[in-house]
Amino acid sequence: MRFILLLLTLMPFATKETLPLKLGLLKYNGGGDWYANPTSLPNLARFCNENLGTEFDPDYGTVEAGSAELFNYPFVHMTGHGNVVFSDAEAENLRNYLIGGGFLHIDDNYGMDPFVRPAMKKVFPELEFSELPFQHPIYHQKFEFKNGLPKIHKHDDKPPQGFGLFWEGRLVCFYSYECDLGDGWEDQEVHKDPEEKRRQALMMGANLVEFVFQQ
C-alpha cells in the first residue's frame with residue numbers, strides 16, 4: 001500500500017489504468033463529529049473531475065486514524081466541531097502516513113481548534129503549525145486566491161487563516177481555520193450559502209488537491 005501511495009504522489013493525476021482514486025474522510029475518537037458535512041467530499045470530487053481532469057470516485061472512503069487503509073488515500077480530509085483524541089498507535093500511524101507521502105487537510109467546522117492542535121502535537125511533537133503566506137503556491141494553483149483562504153462562514157468573524165505542518169520541507173498537513181471550506185462544499189440546500197461562496201470554497205478545495213499531486 002505504501003508503494004501505491006508513493007506511485008500516486010509522483011503522478012500528476014490518476015489515469016484509467018490506476019486503481020480508482022477516492023478522497024478519504026478521517027474518522028477519529030474523542031466525541032467530535034468527524035462525520036459532519038456528508039455531501040462535501042462527493043461535491044469536491046466532482047468539481048475536481050470537471051475542472052482538473054481528475055477521475056475521483058465521488059464515493060469517498062471513511063478511514064480510521066489507526067487503520068492500515070489510511071495509506072490507500074493520497075488526500076485525507078478531517079473536520080468536526082469538537083474533541084479529537086488520537087491514541088499512541090493512531091498518532092504513530094498518522095505520522096507514518098504523512099511522512100510516507102500522505103496529506104491531511106484539517107477543516108475547522110467551528111469549535112475544533114482547541115482540540116485538534118494538541119492532537120496533532122501528539123503526531124508531530126517536534127513541529128509547530130505555521131501560517132502560510134498569501135504567496136504560498138497552495139493559493140496559486142488552477143485558481144488564484146491572492147488574499148489567501150476565502151471566508152465562507154462567519155464563525156467568530158475573524159479573518160480566515162491557513163496553517164501548515166512541514167516535514168523536511170514538504171507540506172504534510174494544511175489546517176483551514178475561520179474559513180469552513182467543508183460547509184461551502186456541501187449541497188446548496190444544506191447551509192443555503194450563496195453560489196459564489198460555494199464556488200470559492202470548491203475552487204480552494206481544488207487548489208488543495210492539485211497542490212498535493214504536484215508538490
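Would you confirm, using the coordinates I've provided, whether residue 210 is in contact with a Leu (Cβ under 8 Å, 6 or more places away or on another chain) and not hydroxyl-bearing (Ser, Thr, Tyr)?
Values: in contact with a Leu (Cβ under 8 Å, 6 or more places away or on another chain): yes; not hydroxyl-bearing (Ser, Thr, Tyr): yes.
It is true that residue 210 is in contact with a Leu (Cβ under 8 Å, 6 or more places away or on another chain) and not hydroxyl-bearing (Ser, Thr, Tyr).
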- Item | Complete set of residues in the range 145-168 that are among the basic types (Lys, Arg) and modelled with pLDDT under 95 | 151, 154, 158
- Every listed condition ((1) at pLDDT 95 or above; (2) under 30 Å from residue 190 (Cα atoms); (3) more than 15 Å from the chain's Cα centre (by Cα)) holds for residue 104 save (3)
- Task: Please find, within the range 85-128, the residue that is surrounded by the fewest Cβ atoms within 10 Å (Cβ to Cβ) out of those that are in contact with a Lys or Arg (Cβ under 7 Å, 6 or more places away or on another chain), free of Cβ contacts under 8 Å to residues at least 60 places away in the same chain and not in a helix (DSSP H, G or I).
- Result: 124
- Single residue of 158, 146, 142, 151 found to be of a type outside the set (A, V, I, L, M, F, W, C), in contact (Cβ under 8 Å) with a residue 12 or more places away in the chain, within 23 Å of residue 53 (Cβ to Cβ) and not in a helix (DSSP H, G or I): 142
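The values are calculated or read from the model by the stated rules, or taken from the named source; none is laboratory data. These numbers were taken from a predicted model, which means no experiment stands behind them. Here the Cβ is made from the backbone with ideal geometry for all residues, glycine too, and neighbour counts use every protein chain on show.
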